[in-house]
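Please read the structure below before turning to the comments.
The values are calculated or read from the model by the stated rules, or taken from the named source; none is laboratory data. Computed from a predicted model, the values in this text were never measured in an experiment. Positions of Cβ are backbone-derived with ideal geometry, glycine not excepted, and every protein chain shown enters the neighbour counts.
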Amino acid sequence: MITDDVVRQDEVARWMEVLAAVTHKLHIRKPKASREELRNLLKEVPVEWRKKLVIHYQPQLAEEFDLGGLHVSYKDFDKYSGFKIPVSCSVHNWDEARKMIDTCAYCFISPVFDSISKRGYHANDELMQVPAELRGKKIYALGGIDTENAPLALRNGYYGLVALGYVWNENGNESEKVKALLESISKERVIV
């Protein structure tokens, strides 16, 4: 799961509801928030839940709060290759995935389907099927993931899924949407 861009008044309570529903990690991605705003949000998260959080582009906060990881783009990964906590990255094609998969903790690749959160960000048909040599590797499908297409992404070789727009686009009921997504893939082998 990736958070939406907007910081809301009840932000951390929403994170906690989603964390209670998922078995993997919640990615904190707030590009317009200041480091101090993010620091204040992270202070509200109980220590025992912090290892389930991965923050985007804030290495200082990842270390300060002993989070579960740091997420960066493919082009920035080398800056963090010696980081002491897991570093994951975003890629946009199979060549980038091949270069990164044995170096980073895991990869997000997008857009697999038409984005829900970024209007006009259309699916890349080349990403529909995971190449044979990358199947079983920690590559997560991102972009347009919902209850209808999530099982297809898993059948097409993705290790797992990353949801954003489906869960956060409408204000409220995030944990119910997460549960619906998990139910839609319950017959597939995956951790979201």
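The set of residues in the stretch 88-110 that are out of contact with any Pro (no Cβ under 9 Å at 6 or more places or on another chain) and not charged (D, E, K, R) comprises Ser88, Cys89, Ser90, Val91, Asn93, Met100, Ile101, Thr103, Cys107, Phe108, Ile109, Ser110.
Please verify whether Ile116 is aliphatic (A, V, I, L, M) and closer than 26 Å to Ile85 by Cα, treating the condition exactly as stated. No, not satisfied. In the set (1) of a type outside the set (Lys, Arg); (2) crowded, with 18+ Cβ neighbours inside 10 Å; (3) over 13 Å from the mean Cα position of the chain (by Cα), Gly68 fails one condition alone, (3). Would you confirm whether or not the stretch 76-89 contains a residue that is assigned to a loop (DSSP other than H, G, I, E, B), within 22 Å of Ser117 (Cα to Cα) and not hydrophobic (A, V, I, L, M, F, W, C)? The answer is no; no qualifying residue exists. Scanning the stretch 92-113 turns up no residue that is of a type outside the set (A, V, I, L, M, F, W, C), in contact with a Lys or Arg (Cβ under 7 Å, 6 or more places away or on another chain) and under 30 Å from Gln9 (Cα atoms). If only residues of the stretch 133-155 that are aliphatic (A, V, I, L, M), in contact (Cβ under 8 Å) with a residue 24 or more places away in the chain and in a helix (DSSP H, G or I) are counted, the one that is farthest from Asp95 (Cα to Cα) is Ala150.
I'd like the residue in the stretch 144-159 that is buried (at least 22 other Cβ atoms within 10 Å of the Cβ) and in contact with a helix residue (DSSP H, G or I) (Cβ under 8 Å, 6 or more places away or on another chain) and, out of all such residues, is nearest to Arg119 (Cα to Cα). Among those that are buried (at least 22 other Cβ atoms within 10 Å of the Cβ) and in contact with a helix residue (DSSP H, G or I) (Cβ under 8 Å, 6 or more places away or on another chain), it is Gly144. Counting only residues that are outside any loop (DSSP other than H, G, I, E, B) and surrounded by 14 or more Cβ atoms within 10 Å (Cβ to Cβ), the stretch 24-39 holds 5 of them. Every test in (1) modelled with pLDDT of 90 or more; (2) under 23 Å from Gly144 (Cα atoms); (3) surrounded by fewer than 20 Cβ atoms within 10 Å (Cβ to Cβ) is passed by Val6 save one, and that test is (1).
To keep it simple, each residue is scored yes or no on (1) among the hydrophobic types (A, V, I, L, M, F, W, C); (2) in contact (Cβ under 8 Å) with a residue 24 or more places away in the chain; (3) closer than 25 Å to Val22 by Cβ.
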position	(1), (2), (3)
Val45	yes, yes, yes
Gln60	no, yes, no
Glu63	no, no, yes
Leu70	yes, no, yes
Ser81	no, no, no
Phe108	yes, yes, yes
Ser117	no, yes, yes
His122	no, no, no
Pro131	no, yes, no
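When Val72, Val12, Val18, Val7 are checked against the criterion of being under 22 Å from Ile116 (Cα atoms), in contact with a helix residue (DSSP H, G or I) (Cβ under 8 Å, 6 or more places away or on another chain), assigned to a helix (DSSP H, G or I) and not polar (S, T, N, Q), a single residue qualifies: Val18.
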